[in-house]
Amino acid sequence: MASVAFHTLGCKVNHYETEAIWQLFKEAGYTQTADENPADVYVINTCTVTNTGDKKSRQVIRRSIRNNPDAVICVTGCYAQTSSAEIMDIPGVDIVVGTQDRKKMIGYIEEFKQTREPKNAVGNIMKTRTYEELDVPAFRDRTRASLKIQEGCNNFCTFCIIPWAKGLLRSREPEQVLQQAKQLVEAGYKEIVLTGIHTAGYGEDFKDYNFAKLLQQLEEVEGIKRLRISSIEASQITDEVIQVVKNSNKIVNHFHIPLQAGSDTVLKRMRRKYTTQFYKERVAKLKQIFPDLAITTDVIVGFPGETEDEFQETYAFIEEMGYSELHVFPYSKRTGTPAARRDDQVDDNVKQARVQKLIALSQQLAKQYASSFENEVVEVIPEEEVKDDSGMFVGYTSNYLKVRVPATKEMVGQIVKAKITRAGYPESEAEFVRVIDHDAKQFV
Ligand code: SF4
């Protein structure tokens, strides 16, 4: 039986897609091997979000070639899409597939085994208008299931290469999304995380259907206990979405709303589609629905031209919003984007100092948010056992607090009531209260 090893760089979507590609190999009779054992085929799912992403991708490709020089080396993903010729030039690379046509990968491998002819199968992603169906029926060691609902993005923010790597926005057919959701519920998942590249842009390419309507239909899928949106832009929190959220029993009280900058002048240079005022208003509407709302966000520090005053605006805005966690990224050039061509790049030392300030602020805000749940009874889905024989498990609440709670293996993936005894960040501690049976009955 032939074996395959996977290597995934970059974001959650890439990890999701590797799982989907693995399903294709599994159906073709392959076994999966860890990277240390030589495999017959290596699939490297690359990232190109920054120039560093490219460099890391090249390193991993070379390492796989060294591991087994006789293996078939197949490179896919975003870096493969944007720079296929560069990858083909690495001696030992056999097949390059971009961010489409992954279903053809195994056919290319078979062909290569016969002909030994390297193949560059990357096409023009900008011409692709349909969503490529790739199923992931189950995830290894996970209690939360990702469900990909769309691909690509039409926004062209000035720092981002993604539209060039993933193509323009295309949404998955609602029937397919709903069918996959039902399949995940049948596989035992209580929580579904809607993912994509520009997730809540879902439906922008449809005539009479949109993201709010999809949420409404998912609400009706029996068995889903928690519905999480991996990321939603402020501009996508429409009144219609707010209405669905308000009437929902499943959409969780946690939203990841990318901010990138809390200064209107920086947002404009980034070509983001909102102002801080608009962002604030949308969050206020969500807070009316969920007084205990958790908002997490991404921030880019040191975007070209960012002055000290602009950084201070960002800092103050973040403080005011009271995020429950920040993901802070120093601006990193991506060749081919308008921002990388600007000649007002921020000095690295200045950038690093600002990053440190925001990381400290994130810690402070996260602790503050978590502390408001001390002595509260919350619902946790235990995910995995802590490896110290203490009988403790870690899991997440609906508002994404990471909680350590005494539990058993049988409770993994179930909803458990727990009382937070010590609120903290990155983890809170809780005592076990009881299990809530997934069929809505309760038992001790
Ligand atoms: S919204 Fe902007 S940052 Fe996000 S994927 Fe699209 S272009 Fe990139």
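The values are calculated or read from the model by the stated rules, or taken from the named source; none is laboratory data. Predicted model only: the values in this text are computed from it and were never measured. Neighbour counts are summed over all protein chains in view; Cβ atoms, including those assigned to glycine, are modelled from backbone coordinates with ideal geometry. Please note that ligands, DNA and RNA were not included when accessible areas were found on the heavy atoms of the full protein model with its side chains. Shrake-Rupley method; radii C 1.70, N 1.55, O 1.52, S 1.80 Å.
Numbers below:
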{"quantity": "Filtered residues of the range 6-29 (kept if under 13 Å from ILE109 (Cβ atoms) and surrounded by fewer than 21 Cβ atoms within 10 Å (Cβ to Cβ))", "calculated": "LEU24, PHE25, ALA28, GLY29"}
{"quantity": "Only listed residue being under 30 Å from GLN312 (Cα atoms) and under 25 Å from the mean Cα position of the chain (by Cα), chosen from GLN345, GLN364", "calculated": "GLN364"}
{"quantity": "One residue from LYS103, LYS148, LYS119 being in contact (Cβ under 8 Å) with a residue 24 or more places away in the chain, surrounded by 16 or more Cβ atoms within 10 Å (Cβ to Cβ), closer than 16 Å to ARG172 by Cβ and of a type in the set (Lys, Arg)", "calculated": "LYS148"}
{"quantity": "Residue within the range 137-148 that is modelled with pLDDT of 95 or more and either in contact with a strand residue (DSSP E or B) (Cβ under 7 Å, 6 or more places away or on another chain) or within 16 Å of the ligand (Cβ to nearest atom) (or both) present", "calculated": "no"}
{"quantity": "Residues located in the range 197-233, provided they are open to solvent by 40 Å² or more (accessible area, probe 1.4 Å), touching a Leu at 6+ places or on another chain (Cβ under 8 Å) and away from the ligand (no atom under 16 Å from the Cβ)", "calculated": "GLN217"}
{"quantity": "Odd one out for ASN154 among (1) in contact with a Leu (Cβ under 7 Å, 6 or more places away or on another chain); (2) loosely packed, with under 14 Cβ neighbours inside 10 Å; (3) in contact (Cβ under 8 Å) with a residue 60 or more places away in the chain", "calculated": "(3)"}
{"quantity": "Any hit, the range 325-347, residues being over 24 Å from THR48 (Cα atoms), open to solvent by less than 50 Å² (accessible area, probe 1.4 Å), modelled with pLDDT of 95 or more and in a helix (DSSP H, G or I)", "calculated": "no"}
{"quantity": "Where a residue in the range 72-96 is over 22 Å from CYS160 (Cα atoms) and its partner, wherever it lies, is part of a strand (DSSP E or B) and open to solvent by 40 Å² or more (accessible area, probe 1.4 Å), with Cβ under 7 Å and at least six apart", "calculated": "MET88/ASN120; ILE95/LYS119; VAL96/ASN120"}
{"quantity": "Single unsatisfied condition, GLY336 versus (1) under 24 Å from ILE257 (Cβ atoms); (2) over 22 Å from the mean Cα position of the chain (by Cα); (3) in contact (Cβ under 8 Å) with a residue 60 or more places away in the chain", "calculated": "(1)"}
{"quantity": "Flag if ALA234 is without any contact (Cβ under 8 Å) to a residue 12 or more places away in the chain and of a type in the set (Gly, Ala, Ser)", "calculated": "no"}
{"quantity": "Candidate set: the range 68-100, residues that are open to solvent by less than 10 Å² (accessible area, probe 1.4 Å) and assigned to a helix (DSSP H, G or I); chosen: the one farthest from ILE197 (Cα to Cα)", "calculated": "ILE87"}
{"quantity": "Residues of the range 177-196 that turn out to be within 16 Å of the ligand (Cβ to nearest atom) and among the β-branched types (Val, Ile, Thr), as a count", "calculated": "1"}
{"quantity": "Helices (runs of 4 or more DSSP H) wholly inside the range 234-307 that include at least 2 residues being surrounded by 15 or more Cβ atoms within 10 Å (Cβ to Cβ) and within 16 Å of the ligand (Cβ to nearest atom)", "calculated": "264-270, 276-289"}
{"quantity": "Residue count, the range 374-389 (criterion: touching a strand residue (DSSP E or B) at 6+ places or on another chain (Cβ under 9 Å), open to solvent by 60 Å² or more (accessible area, probe 1.4 Å) and not in a strand (DSSP E or B))", "calculated": "3"}
{"quantity": "Positions within the range 308-324 being buried (at least 16 other Cβ atoms within 10 Å of the Cβ) and part of a loop (DSSP other than H, G, I, E, B), in sequence order", "calculated": "TYR323, SER324"}
